[in-house]
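Structure incoming, see below.
The values are calculated or read from the model by the stated rules, or taken from the named source; none is laboratory data. Values in this document were obtained by computation on a predicted structure and should not be read as measured data. Backbone-built Cβ (ideal geometry, glycine too); neighbour counts: all protein chains shown.
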Amino acid sequence: KAGVTQTPRYLIKTRGQQVTLSCSPISGHRSVSWYQQTPGQGLQFLFEYFSETQRNKGNFPGRFSGRQFSNSRSEMNVSTLELGDSALYLCASSLGTSGYEQYFGPGTRLTVT
Amino acid sequence: AQSVTQPDIHITVSEGASLELRCNYSYGATPYLFWYVQSPGQGLQLLLKYFSGDTLVQGIKGFEAEFKRSQSSFNLRKPSVHWSDAAEYFCAVGAQRNDMRFGAGTRLTVKP
């Protein structure tokens, strides 16, 4: 089975712009979660989508949003970028049932200048 | 709410020596516990998981972890460390609906 894929792998944006990141889960996985990883804050949960519905949400401002398509692929959007949004954004997929492990993609490295 | 504490930010061990990485969790019920490893610039790879049953779980790459409910701990161990084990290790606790919380991570350096 192919693993979780994320595109693009690297991205440089300017403050005030918006960005969309994409994640393709493992075939058969219906849950996609997004995390932000920074040196200062570590791994922080952004949100989780299951069957096209947001099921869980972390403590991030409304500038961070996401969606999931019928094929389970997911996108994450960040509007009005700030310097502090520079981070590694990780996507993880799982079967979606409580307790099942998550499988992570390689991440998208976003740099905001 | 669940939380995870990894007390050691950085650990250095010699190649061939044993390793123990500490993890303490806080959760009201029986948690789902995980250890992940991350190499620089990469995503996270699952090493092992505990859901229920035998409290000593075996994982990939020769790692094992022991769940101790009385101590709220889930420490990761390896009897003999290899240079390729140098990475960052994350303990995580999961509850319902994939709401996972990660510890701050422990960076492992392996001396030759």
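With respect to the numbered conditions (1) modelled with pLDDT of 95 or more; (2) in a strand (DSSP E or B), which one is the sole condition not fulfilled by B:LEU46?
B:LEU46 satisfies every listed condition except (1).
Follow-up. State which residue is farthest from the chain's Cα centre (by Cα) when the search covers only segment B:65-112 and only residues that are facing chain A (nearest Cβ under 8 Å) and aromatic (Phe, Trp, Tyr).
Result: B:PHE102.
Taking strands (runs of 3 or more DSSP E) that do not extend beyond segment A:30-108, which have at least 1 residues that are facing chain B (nearest Cβ under 9 Å)? Break it down stepwise before answering.
On the way: elements: A:31-38, A:42-50, A:53-57, A:64-68, A:74-78, A:87-94.
By residue number, A:31-38, A:42-50, A:53-57, A:87-94.
Is there a residue being at pLDDT below 95, out of contact with any Lys or Arg (no Cβ under 8 Å at 6 or more places or on another chain) and within 14 Å of chain A (Cβ to nearest Cβ) anywhere in segment B:18-29? Before the answer, list the steps.
We begin by selecting, within segment B:18-29, every residue at pLDDT below 95; these are B:25-29.
Next, only the ones that are out of contact with any Lys or Arg (no Cβ under 8 Å at 6 or more places or on another chain) stay: B:25-29.
Next cut, within 14 Å of chain A (Cβ to nearest Cβ) only: B:27, B:29.
Scanning segment B:18-29 turns up at least one residue that is at pLDDT below 95, out of contact with any Lys or Arg (no Cβ under 8 Å at 6 or more places or on another chain) and within 14 Å of chain A (Cβ to nearest Cβ).
Right, another one. Among the residues of segment B:54-74, are any buried (at least 20 other Cβ atoms within 10 Å of the Cβ), at pLDDT 90 or above and under 24 Å from A:ARG55 (Cβ atoms)?
Looking for residues that are buried (at least 20 other Cβ atoms within 10 Å of the Cβ), at pLDDT 90 or above and under 24 Å from A:ARG55 (Cβ atoms), one finds none in segment B:54-74, hence no.
I've got another one for you. Restricting segment B:40-57 to residues that are out of contact with any Phe, Trp or Tyr (no Cβ under 6 Å at 6 or more places or on another chain) and facing another protein chain (nearest Cβ under 10 Å), which is nearest to A:SER94 (Cα to Cα)? Even if it seems obvious, please write down each step before you answer.
Let us first name the residues in segment B:40-57 that are out of contact with any Phe, Trp or Tyr (no Cβ under 6 Å at 6 or more places or on another chain), namely B:40-42, B:45, B:52-54, B:56.
Within this subset, residues satisfying the condition of being facing another protein chain (nearest Cβ under 10 Å) are B:41-42, B:45, B:52.
Values: B:GLY41: 22, B:GLN42: 18, B:GLN45: 13, B:SER52: 19 Å.
Only one residue tops the list, namely B:GLN45.
Okay, next question. Give the residue that is surrounded by the most Cβ atoms within 10 Å (Cβ to Cβ), with candidates limited to residues of segment B:94-111 that are at pLDDT below 95 and over 15 Å from B:PRO7 (Cβ atoms).
It comes out as B:ASN98.
If a residue has to be touching a Gly at 6+ places or on another chain (Cβ under 6 Å) and more than 18 Å from B:ASP8 (Cβ to Cβ) to count, how many in segment B:38-85 make the cut?
Initially, segment B:38-85 is screened for residues touching a Gly at 6+ places or on another chain (Cβ under 6 Å), giving B:43, B:47-48, B:51, B:78, B:80.
Then drop every residue that is not more than 18 Å from B:ASP8 (Cβ to Cβ), which leaves B:43, B:48, B:51, B:80.
Total satisfying the criteria: 4.
Which residues, counting only those in segment A:9-26, are within 14 Å of chain B (Cβ to nearest Cβ) and part of a loop (DSSP other than H, G, I, E, B)?
Scanning segment A:9-26 gives A:ARG9, A:PRO25, A:ILE26.
If B:PRO79 satisfies every condition in (1) surrounded by fewer than 16 Cβ atoms within 10 Å (Cβ to Cβ); (2) under 26 Å from A:SER93 (Cα atoms) but one, which is the exception?
Only one criterion is unmet by B:PRO79, namely (2).
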